[in-house]
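Novice: Here you go, one structure.
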Amino acid sequence: AAGRCPAAWPAMDGSSPPFLLAKLTPLHSEQLLQGLNLLRQHQELCDVVLRAGEAKIHAHKAVLASISPYFKAMFTGNLSEKENAEVEFQCVDEAALQAIVEYAYTGTVFISQDTVESLLPAANLLQVCCAAMEQPVSVCHVLPHLCQEPLSSPPLLRAGLIEQVLARVVVPDQVVGLVEAREELDAEQGQAHAVQQLRQVLLALLHVVLDPGLQGVEHRLLRQHVQAVVGHDLVQLRVMEMYFPQNDSWIGLAPLSIPRYEFGVCVLEQKMYVVGGIATHVCQGISYRKHESSVECWDPDTNTWSSLERMFESRSTLGVAVLAGELYALGGYDGQSYLRSVEKYVPKGKEWQLVAPMSRTRSCFAAAVLDGMIYAIGGYGPAHMNSMERYDPSKNSWETVASMADKRINFGVGVMLGFIFVVGGHNGVSHLSSIERYDPHQNQWTVCRPMKEPRTGVGAAVIDNHLYVVGGHSGSSYLNTVQRYEPISDSWLDSAGMMYCRCNFGLTAL
């Protein structure tokens, strides 16, 4: 075998060595790991299947036990899992479990803004020590992920694991300056005190809709956002409320079975459907998030919720639409990838069916139905978009149509008087107050009178040819306010505000 020069052990009498120790390349340990990983990938000689959510991961008990005291106790002790060929983990995110198994076989782990929050609790629970998790972590790698879910109290905080991150955080100078300015501290307290106060800064920055990283964020703007929200309680809502335009008032209704956000909502057969999203679960005192394939249905006659058949794929920040008595779920994000796949729910057969995928991956976008077509508008995937495409169910195909004037994510959409209206959102640079109208016959967008204030993460719904734009985030605070757009006069009116401030929530007319 080709390799380095062999190392000889000298004999006691100085004569020729009795044997040679060959140092081969690649190293034996690397070759062993590569071989074991190939066996795992080909599902050869595997003696256990780890199941988390809908994911099934084949592995070898000996390999898992060698890197984790948790697995060693499970497979060598007197636990029932010792003899089981399949082990289910209800408290571990499936992507995190997959990453930990990859680490066991390769010695490397991919940590990104999309995996860090679920990976830390999983590694802690399974007692897996990864050297990468002991390295300094830039706060810029942590904040963007947390900022995607502004209404939720982060699982890292609830699980008490934020300290594991803070102990290794390297705080940018701009954040140090922010803390000093806010607390009126002198420069000598600097970095150490900034780390101590970082929990408050993290909480505050959850209210800010940012593109990945803090790079490019002006210090003045950052300070403004933080001062506006520090000290406010963060809650992930599962409560539901209903608006009555007759008397301009809101009432509370039965809550969701589990808190969730970034889901799709629509009405089918006079019932409201909540589709996918990100749900927070608690197991053995540990909070974890999961991208959902589940669907819940609310019956207004009984004010109760029931579960339906799951989608083929987990989806958050998806688009939903109802066409010809069938519910369509479009695109979104599954926790690892942006999606362009589309599936529809057929109530008669109580089943989901795949249809033609969109031409682009899209998340944080809007879907609308007009003249027997489904429109997928704007979004992110993985860049801010102003493009639009429409689906023809008779042909089971998509075609590209005219693009909006502005790029948009997390915006509202409504259909009235034969037009599609899009409102608010974020274009990658700023929160938007603008509204545009699409004419399908002219294949053209027209800019209308903007809202009184910008809104991102809004809800929108049409009642009596008025577009109600509800909640969201203005760039400085969460909103419970409601504005009503009148398309004939191209004007805005105020309506009664919700009981709660909401952002990235669901709104529909029933």
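Throughout, read-outs are computed from the coordinates displayed, never taken from laboratory work. Just so it is clear, the model here is predicted, and its values are computed rather than measured. Heads up, the Cβs are rebuilt from the backbone with ideal geometry, glycines too, and the neighbour counts pull from every protein chain shown.
Novice: Would you mind computing, in nm to one decimal, how far apart the modelled labels at Leu417 and Asp299 are, each placed 7 Å from Cα along Cα→Cβ?
Specialist: It is 3.9 nm.
Novice: Moving on. How large are Rg and Dmax for the stretch 301-412 when only the alpha carbon atoms are used, in Å?
Specialist: Over the stretch 301-412's Cα set, Rg and Dmax evaluate to 14.1, 43 Å.
Novice: Still on this structure, I have one more. For Leu27 and Gln442 in the same chain, what is the full-extension length gain: residue separation times 0.36 nm, less their Cα-Cα distance, in nm? Mind showing how you got there, number by number?
Specialist: Details: separation 415, 0.36 × 415 = 149.40 nm, distance 6.67 nm.
The span from Leu27 to Gln442 would gain 142.7 nm if fully extended.
Novice: Next question, about the same structure. For the stretch 40-96 and the stretch 369-420, compute the distance between their C-alpha centroids and round to whole Å.
Specialist: Spelled out, the Cα-based centre of one part sits 44 Å from the other.
Novice: Let me ask something else. Report Rg(Cα)/(2.2 N^0.38 Å) for the stretch 240-495, keeping two decimals.
Specialist: Details: Rg = 17.6 Å, N = 256, 2.2 N^0.38 = 18.1 Å.
Dividing the Cα radius of gyration by 2.2 N^0.38 Å gives 0.97.
Novice: Put a dot 7 Å past each Cα toward the Cβ at Gln246 and Gln41; how far apart are the dots in nm?
Specialist: About 6.5 nm, to one decimal.
Novice: How big is D, in µm² s⁻¹, for the stretch 361-469 by Stokes-Einstein at 20 °C and 1.002 mPa s if Rh is the Kirkwood radius over C-alpha pairs?
Specialist: Reported coefficient: 155 µm²/s.
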